[in-house]
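Some notes on the structure that comes next.
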Amino acid sequence: GIQVEQSPPDLILQEGANSTLRCNFSDSVNNLQWFHQNPWGQLINLFYIPSGTKQNGRLSATTVATERYSLLYISSSQTTDSGVYFCAVTPNSGGSNYKLTFGKGTLLTVNP
Amino acid sequence: DAMVIQNPRYQVTQFGKPVTLSCSQTLNHNVMYWYQQKSSQAPKLLFHYYDKDFNNEADTPDNFQSRRPNTSFCFLDIRSPGLGDAAMYLCATSRIRDSLKYFGPGTRLLVL
């Protein structure tokens, strides 16, 4: 099946700093989502971005589908940004085009 | 305006005692999914329904079953919970199989 790798696995920032999280995937995809999992375990959908660039406030994401990677940018980080960020994809081909496969996540800690 | 609702949010059960988790949606989506997420791991798909069509993942234990009595509701039944089944259980929906997935807040299951 499709492989999803996220980097870095852990990231510690001071409040106000910027960061870039990366997601590499091994096959072409028809769906890519970035999630933030809050301390209560809820997965908050940040972006649906199988290709292109989107922005939402301090967050933006870019997916370069031809090169099989996506980037999540967090600017002016706040303590409430802390948590795990997951990238998840569904492959274009084969019988698994329904199955959202997750990377292992990036654990972000933002210190005051 | 909750779109995917899970009840209960926390469930404590005894080893071997059957338990049922509930998911409902107001999106009128065709597809409903159940994911299991163990501590410090990524969510893993257990099964999904496309309308009434049930699709089990190959590595989902027989101990896990699901029911979808109508479009809005889907249940996860764990017939004989073991200690290893303690996890967060996440319900998700999508309009069609390869479209944007919406996740509920999850049910955290503890097995004593």
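Annotations
- Some residue of the stretch B:44-65 being within 12 Å of chain A (Cβ to nearest Cβ), outside any strand (DSSP E or B) and either crowded, with 19+ Cβ neighbours inside 10 Å or touching a Ser or Thr at 6+ places or on another chain (Cβ under 9 Å) (or both): no
- One residue stands out among those in the stretch A:69-110 that are in contact with a Ser or Thr (Cβ under 7 Å, 6 or more places away or on another chain), assigned to a loop (DSSP other than H, G, I, E, B) and within 9 Å of another protein chain (Cβ to nearest Cβ): the one that is modelled with the lowest pLDDT, which is A:ASN97.
- Scan of the stretch B:86-98 for residues that are in contact (Cβ under 8 Å) with a residue 12 or more places away in the chain and within 9 Å of another protein chain (Cβ to nearest Cβ), ordered by number: B:MET88, B:LEU90, B:ALA92, B:SER94, B:ILE96, B:ARG97
- Candidates are the residues of the stretch A:59-88 that are touching a residue at least 60 places away in the same chain (Cβ under 8 Å) and under 10 Å from the mean Cα position of the chain (by Cα); the one that is nearest to A:ALA17 (Cα to Cα) is A:TYR85.
- Selection over the stretch B:22-50 of residues that are over 17 Å from B:TYR102 (Cβ atoms) and without any contact (Cβ under 8 Å) to a residue 24 or more places away in the chain gives a count of 5.
- When residues of the stretch B:12-23 are limited to those that are surrounded by fewer than 20 Cβ atoms within 10 Å (Cβ to Cβ) and out of contact with any Asp or Glu (no Cβ under 8 Å at 6 or more places or on another chain), the one nearest to B:GLY84 (Cα to Cα): B:PHE15
- Screening B:SER80, B:SER39, B:SER99 for residues that are part of a loop (DSSP other than H, G, I, E, B) and either in contact with a Cys (Cβ under 8 Å, 6 or more places away or on another chain) or more than 28 Å from A:VAL29 (Cα to Cα) (or both) leaves exactly one candidate, B:SER80.
- Boolean, A:LEU46 is more than 22 Å from B:GLY104 (Cα to Cα) and not small (Gly, Ala, Ser): no
- Residue in the stretch A:40-60 that is nearest to A:SER28 (Cα to Cα), counting only those that are within 14 Å of chain B (Cβ to nearest Cβ) and assigned to a strand (DSSP E or B): A:TYR48
The values are calculated or read from the model by the stated rules, or taken from the named source; none is laboratory data. Fair warning: this is a prediction, and the values are worked out from it, not measured in the lab. Cβ: placed from backbone, ideal geometry, glycine included. Neighbour counts: every protein chain shown.
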